[in-house]
Amino acid sequence: MAPTPTNVTQLLIGWGKGDREALDRLLPIVYDELRRQAARYLRRERVGHTLQTTALIHEAYLRLIDQKNVEWQNRAQFFGIAAQLMRRILVDHARTKGRAKRGGSDIRVSLSDAEAFVINKELDVVALNEALERLELIDEQQSKIVELRFFSGLTVEETASVLNISPATVKRDWRMAKAWLYREISGEVHPDE
Amino acid sequence: MSSVNQQHWQRLKEVFEAALEQPGGKRSQFIEEVCAGNPALRKEVNSLLRSYEKAGSFMEAPAVAAAAESLLGQQDKLTVGQKLKHYEIIALIGEGGMGEVYLAKDTILGRRVALKLLPPYISNDPDRLLRFKQEARTASSLSHPNVCVIHEISESDDGRPFIAMEYIEGVTLRQRMKDSGMKLGDALDIAVQIADALRAAHEAGIVHRDIKPENVMIRRDGYVKVLDFGLAKLTERRNIGDGKTISTLMVNSSPGSVMGTAGYMSPEQARGIGVDERTDIWSLGVVLYEMVAGHAPFAGLTPTDVVIAIVEKDQPAIAQYVADVPPELERLVKKALRKDTDERYQIVKEMAIDLRSLRKDLERDSQLERSIIPSISTAIRGVTGEENGKANTGRERGIDTDELAASRRTTVASGFVRERSWRGRAAWLAVGLLLIGVAGLGVYTFIKKPQVNIAPPFQRINVTKLTTNGNALFASISPDGKYVAYVKSEGGQESLWLRQVESAGLLEIVPPKEGRYLGLTFSPEGNFIYYGYAATTDNNGGDIYKIPVLATGASAIKVDLKDGPPRLSHDGKRLAWVRHDREKQSDMLLVARPDASDEQILITRKWPERFAWDWSTTPAWTEGDQGLALPLVNSDASGFYISIYELNLADRKERIIPLASQRFEQPNLISLLPDATGVMMTAKAQGASFEQVWYLGIDGSARRVTNDLSDYRTAILTGDAKSFVTVQTQTLSNIWVAPKGESVRAAQITSGLGRYFDLTWAPDGKLIYASDASGSADLYEMAANGSHTRQLTSNVKRNYGPVVSPDNRFIAFHSNRSGIFQIWRMDRDGSNPVQLTSGNSESNWPQFSSDGKFVFYQHFESGVSGTLWKVPTETGTPVKVAEGFAVRPAASPDGRWLAFWLNDGKPNSRWRLGLMSLETGKIETFEVSPTVQVQWDSHLCWTSDSRSLAYLDHRGGIDNIWTQSIEGGPPRQLTNFTDLNIFSFNWSRDDNLAASRGVITRDVVLITDAGR
């Protein structure tokens, strides 16, 4: 049996119903598909056709999920899984490379305007991840928003749709999470909590 | 986080957000005030604000590009010749979600090895990695000729764990089963060796947990090697409570075989209870069964089906698939496949003994050379495309006995070589299936089970835009898919066009004129277009015309039929169509001669059950014209649902096939798939804001074909059902405010493109509106300059039509949060929602009485006639205030009048403006221009002085606001916009006019099924 939309969808639905092991089976499939899409993404990137950043995940979703039985919630779950995976992949890769070079992580996401980030013009993904883990303990919704927006490139509207909250809430939480995370990883002094 | 900290965080959030809303100069003062007495909070807020200002574009560019690089990073690293410790990569031999497998050279020992690299999401999970390493170490201690040897578990220099194992030259058992005929002796040989491998493992305390053909390698010399001992645990999740593990399905690493394990899982694995050696015995039983029968014992279309079969169903006897199965083999397999572990072989040694003795017996009887593949399933696959477990089993059984007996006889004579007889049987089966099909048609069956070999329709689609002007209203495609006809609206006039799909050639069939098209459809042969057209814009009436497709200069002929467009029978002798009879509240299915003579009513269905939901739904003739089928729409409190109705013309027998139980809002055009295996329609799912294209299959499936933030109207299929055309509608708008009604000074207060509907002014000077730009229709408020947007509803399905009570305490609106649209009210800030109306049909468009004590609203009875009601704001029993076909009430600010759109409900009757005195109950009416295009939700609004009513006139194709004085006289044009549509408008008490204006683009799109 190939990972047909039907059985992948079954897993997704299974997981949605609380079947934890379905997630374990789903992860490798989604990972595999994301990788395929990543290859396509980079190919296109190289020939100058910049894809929408969300295209990667959307494409994986369209390929893997049969919408026959899928509910809105399942779609949200899928994006959630993909976002988690993207985050983990990025962080893992940064860590691995960092270990190899002993010089700290070199996976850095370039910032479009440099003026703001005084410490480093690039973003340390590992540090961001650690800060995000702390944020998750304080405000899970904010950390999810960051995961979807930053690690998966979803727009405000898409993030709102996945989390089933309003775009206004996403915007608000994003603003605060951004400030909080920036403070955490830029090492600025902050009061005790 | 403790609740104290939680409170602190919440407060911090509030203050931070509020501070950001403050103008820069006032911010610090604001913080000082709000944080008075809480220096910790102040410090924290200030610190966050500083970070916020510095953060700039931090995280604004998503990390997707970097993630994509990372995703591929590991793979890029291992290239041919590259070294992983002392292993040199020779080739990638397999990859998938479970990592990559490389062929590599051990440069120290000079031997070839297989390297399995784990994907980072596993190797970076310390818990999983630890378990994996423990298992792999235990497995590496196994030394048995049938167990693939694990040489080493190690890590690359950059920290990626890998396993170096014996490289086996050969094929997987899966491949072996596919490649060549497997003889009974081969099957037993392989099973014996797997059993031996398991025995060694079990004695070492290792349970494989994932025995399946993909994990068994057959070496060229016939040696069997079992792979991946212990690796199954890798994907298992530990159940910490009792220390047992809940098993999962191993996902194989080779592409194309993912999830192959479902069928090999034991019942105890399927049920998630503890597993032991007996699980491996079960899986070996399944593998053996499959090798001999050529068929999996537990099959299903989905893993869920398979799991249910494993837990609940007994496998068919192997004799179902193969003749002359040694009874001892059947018994052996049955014993391995006992659901209850206690009834199964208890140790694999027992099973190995039985396998060996069976092998010996058969050897003595020289039966081992019997060819047992290709099996019947393979043969059938050639005939029907793919196996459909259930259906085929039924049919095989249906014609089993004689045929099987015949094959038995040949078998005996031909000395065990089965191949020919299997082919013969397959041919028989094919003939049999054909006969069933033909006989079925003869007897009259219209609706066939969808063939499983065909992918569900429109699972993957290609979309082609056929028009780009944004002014298409309806479209239809010829049955051969060559032509698309569409109605275009320009400057208030509508015209009919024909486009050749391939060449893009365009032909105007009916030139622009006043009036309104109601729908269009091609004749089944594609040579005529039927279209509905109303010369005036009143009501739903109108006439049907037909016009030849390619005869230029031909004029349309009026066809003397009312209502739905007719469908010509295959023999061209009869027409069938649907008539909606409003007076009798029923839909009828009719037939007539092609010239419309000899009309006959076949069947009448009473509303609310409806034959069709749109003017252009047509019945379909069965092959041979013995019957008619068409979609049937029903509704209940939770929405609309669709069935397929079929009628046998000979005996007038009806059959109703229910489709998906899913409920929809507003199903639009519903078209039957040509083979009646389902319908395509445009509809809104419950709670969705956008009307999308849906496919409903007679297997009960429901799938959204389109998935975006546009509306689709009508989905008309080609004859082969491989494409359909639809009209994609996109709506974008902005809000404009004109002070004291001076439209020339109107200023745009929102920017960008949003979706703003149902504007209303609150007494406090704020604007309340509905928007579905985020995908769900919610209510919002904003200041009169467009700032300070605040969302008032969320996560409660769709919400429209807000109005604010005169004392600014409540907002009344309609929402379908409880099922269908009902009137609700909530506090002005969005809190405390209270449902004011209930029942099985919709209530919409609330209006507060001038004293705020009542809410007027429109109520649809049986989904047809609109009547006006009122209900106390504090809740209570609704009272009817106006009978008849009256919609969209508007209460005058001075409390004296209730205005509405009025129609006497008869075909072709015109909409008028109704004005009821709330003091006397007397109703007077005013005529409006046909260009007003009244529909059931057309906006109607009082000017602030309560002297005039305002509505939209679409004259010249552009919306402008016109007013009608209640003292009489002709309507007056109030605004003079020269472009865009107006979606909504409202006057504030102090006479400011707000209007939502924007564009609606409607384009014809061709959607083709990319999966067929």
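What about residue B:789, is it of a type in the set (Val, Ile, Thr) and in contact with a helix residue (DSSP H, G or I) (Cβ under 8 Å, 6 or more places away or on another chain)? Explain how you work it out, then say what you get.
Numbers: of a type in the set (Val, Ile, Thr): yes; in contact with a helix residue (DSSP H, G or I) (Cβ under 8 Å, 6 or more places away or on another chain): yes.
Yes; evaluated as a whole, the condition is true for this residue.
Got a sec? Which of A:113, A:192 is surrounded by fewer than 23 Cβ atoms within 10 Å (Cβ to Cβ), under 22 Å from residue B:50 (Cα atoms), more than 7 Å from every other protein chain (Cβ to nearest Cβ) and modelled with pLDDT under 80?
A:192
Of B:731, B:750, B:682, which residue is of a type in the set (S, T, N, Q) and modelled with pLDDT of 85 or more?
Values: B:731 fails: modelled with pLDDT of 85 or more; B:750 fails: modelled with pLDDT of 85 or more.
Exactly one residue qualifies, and that residue is B:682.
Please state which of the following conditions residue B:667 fails to meet, knowing it meets all the rest: (1) surrounded by fewer than 20 Cβ atoms within 10 Å (Cβ to Cβ); (2) in a loop (DSSP other than H, G, I, E, B).
So the condition that residue B:667 fails would be (1).
Can you tell me which residue among A:160, A:179 is under 16 Å from the mean Cα position of the chain (by Cα) and farther than 22 Å from residue A:89 by Cα? Steps first, answer last, please.
Numbers: A:179 fails: under 16 Å from the mean Cα position of the chain (by Cα).
Unique residue meeting the criteria: A:160.
Among the residues of region B:958-998, write down those that are touching a residue at least 24 places away in the same chain (Cβ under 8 Å) and of a type in the set (Ser, Thr, Tyr).
B:975, B:984, B:988, B:996
Sort out which residues of region B:472-496 are closer than 24 Å to residue B:933 by Cα and surrounded by fewer than 19 Cβ atoms within 10 Å (Cβ to Cβ), and write them in order of number. Walk me through how you get there before you give the answer.
Let us first name the residues in region B:472-496 that are closer than 24 Å to residue B:933 by Cα, namely B:472-476, B:485-496.
Within region B:472-496, B:490, B:491, B:492, B:493, B:495 meet the criteria.
Look at region B:814-861 and say how many of its residues are among the acidic types (Asp, Glu) and crowded, with 17+ Cβ neighbours inside 10 Å.
1
So, of the residues in region B:85-144 that are in contact with a helix residue (DSSP H, G or I) (Cβ under 9 Å, 6 or more places away or on another chain) and in a strand (DSSP E or B), which turns out to be modelled with the lowest pLDDT?
Top of the filtered list is B:96.
Answer yes or no: is there a residue in region B:693-710 that is under 28 Å from residue B:768 (Cα atoms) and modelled with pLDDT of 85 or more. Let's see the steps before the verdict.
To start, the set of residues in region B:693-710 that are under 28 Å from residue B:768 (Cα atoms) comprises B:708-710.
Still in the list and also modelled with pLDDT of 85 or more: none.
Checking region B:693-710: not a single residue is under 28 Å from residue B:768 (Cα atoms) and modelled with pLDDT of 85 or more.
Any residue that is out of contact with any strand residue (DSSP E or B) (no Cβ under 6 Å at 6 or more places or on another chain) and either at pLDDT 90 or above or small (Gly, Ala, Ser) (or both) - is there at least one of those in region B:301-308? It would help to see each step written out before you state the result.
Pass one, region B:301-308, residues out of contact with any strand residue (DSSP E or B) (no Cβ under 6 Å at 6 or more places or on another chain): B:301-308.
When the remaining residues are screened for being either at pLDDT 90 or above or small (Gly, Ala, Ser) (or both), the result is none.
No.
Are any residues in region B:655-664 at pLDDT 85 or above and either over 29 Å from residue B:819 (Cβ atoms) or of a type in the set (Lys, Arg) (or both), and if so, which ones?
Matches in region B:655-664: B:655 only.
Any chance region B:934-956 includes a residue that's buried (at least 22 other Cβ atoms within 10 Å of the Cβ), at pLDDT below 85 and outside any strand (DSSP E or B)?
There is at least one residue in region B:934-956 that is buried (at least 22 other Cβ atoms within 10 Å of the Cβ), at pLDDT below 85 and outside any strand (DSSP E or B).
Cβ-Cβ distance below 8 Å, separation of 6 or more or different chains: which pairs start in region B:698-715 with a residue that is within 13 Å of chain A (Cβ to nearest Cβ) and end on one that is among the acidic types (Asp, Glu) and buried (at least 17 other Cβ atoms within 10 Å of the Cβ)?
These pairs meet every condition: B:703/A:66.
For region B:484-513, which residues satisfy the criterion of being in contact with an Asp or Glu (Cβ under 8 Å, 6 or more places away or on another chain) and part of a loop (DSSP other than H, G, I, E, B)?
Residue satisfying the conditions is B:492 alone.
Would you mind finding the one in B:787, B:818 that is outside any strand (DSSP E or B) and under 21 Å from residue B:874 (Cβ atoms)?
Working: B:787 fails: under 21 Å from residue B:874 (Cβ atoms).
The match here is B:818.
Which of the residues belonging to region B:627-672 are within 17 Å of the chain's Cα centre (by Cα) and among the charged types (D, E, K, R)?
Selection gives B:663, B:665.
If you go through region B:813-832 one residue at a time, how many are farther than 14 Å from residue B:798 by Cα and either touching a His at 6+ places or on another chain (Cβ under 7 Å) or aliphatic (A, V, I, L, M) (or both)?
Residues meeting the conditions: 1.
Quick one: which of B:789, B:731, B:793 is more than 28 Å from residue B:476 (Cβ to Cβ), in contact with a strand residue (DSSP E or B) (Cβ under 6 Å, 6 or more places away or on another chain) and surrounded by fewer than 23 Cβ atoms within 10 Å (Cβ to Cβ)?
Values: B:731 fails: more than 28 Å from residue B:476 (Cβ to Cβ); B:793 fails: surrounded by fewer than 23 Cβ atoms within 10 Å (Cβ to Cβ).
Going through B:789, B:731, B:793 in turn, the sole match is B:789.
Taking the criterion of being basic (Lys, Arg), within 13 Å of chain A (Cβ to nearest Cβ) and not in a loop (DSSP other than H, G, I, E, B), would at least one residue in region B:736-744 satisfy it? Don't jump to the end; show me each part of the working.
In the first step, residues of region B:736-744 are kept if they are basic (Lys, Arg); the result is B:740.
Applying the additional criterion that residues be within 13 Å of chain A (Cβ to nearest Cβ) yields none.
Within region B:736-744 (the criterion being basic (Lys, Arg), within 13 Å of chain A (Cβ to nearest Cβ) and not in a loop (DSSP other than H, G, I, E, B)), the answer is no, since none of the residues qualifies.
Farther than 26 Å from residue B:635 by Cα and not in a strand (DSSP E or B): is that true of residue B:830 in this structure? Show your work before the answer.
Details: farther than 26 Å from residue B:635 by Cα: yes; not in a strand (DSSP E or B): yes.
Considered against the rule, which asks whether it is farther than 26 Å from residue B:635 by Cα and not in a strand (DSSP E or B), residue B:830 comes out as yes.
Run down B:720, B:764, B:807 and say which single residue is more than 22 Å from residue B:941 (Cα to Cα), surrounded by fewer than 19 Cβ atoms within 10 Å (Cβ to Cβ), more than 14 Å from chain A (Cβ to nearest Cβ) and not basic (Lys, Arg). Steps first, answer last, please.
On the way: B:764 fails: more than 22 Å from residue B:941 (Cα to Cα); B:807 fails: more than 22 Å from residue B:941 (Cα to Cα).
After applying the criteria, what remains is B:720.
Here is a yes/no grid of residues against (1) closer than 26 Å to residue B:479 by Cα; (2) not in a loop (DSSP other than H, G, I, E, B):
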residue	(1), (2)
B:618	yes, no
B:624	yes, yes
B:629	yes, yes
B:635	no, yes
B:640	no, yes
B:644	yes, yes
B:651	no, no
B:657	yes, yes
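Being within 45 Å of the chain's Cα centre (by Cα), outside any strand (DSSP E or B) and of a type outside the set (Gly, Ala, Ser) is the filter here, so list the residues in region B:155-166 that pass it. Full working, then the answer.
Let us first name the residues in region B:155-166 that are within 45 Å of the chain's Cα centre (by Cα), namely B:155-156, B:158-165.
Restricting the remaining residues to those that are outside any strand (DSSP E or B) gives B:156, B:158-160.
Within region B:155-166, B:158, B:160 qualify.
Does region B:279-300 hold any residues that are within 37 Å of the chain's Cα centre (by Cα) and modelled with pLDDT of 90 or more, and which are they?
Hits for region B:279-300 are B:283, B:286, B:287, B:290, B:297.
The values are calculated or read from the model by the stated rules, or taken from the named source; none is laboratory data. Model, not experiment: these values are computed from the prediction. For neighbour counting, all protein chains shown are included, and Cβ atoms are generated from backbone atoms with ideal geometry for every residue, glycine included.
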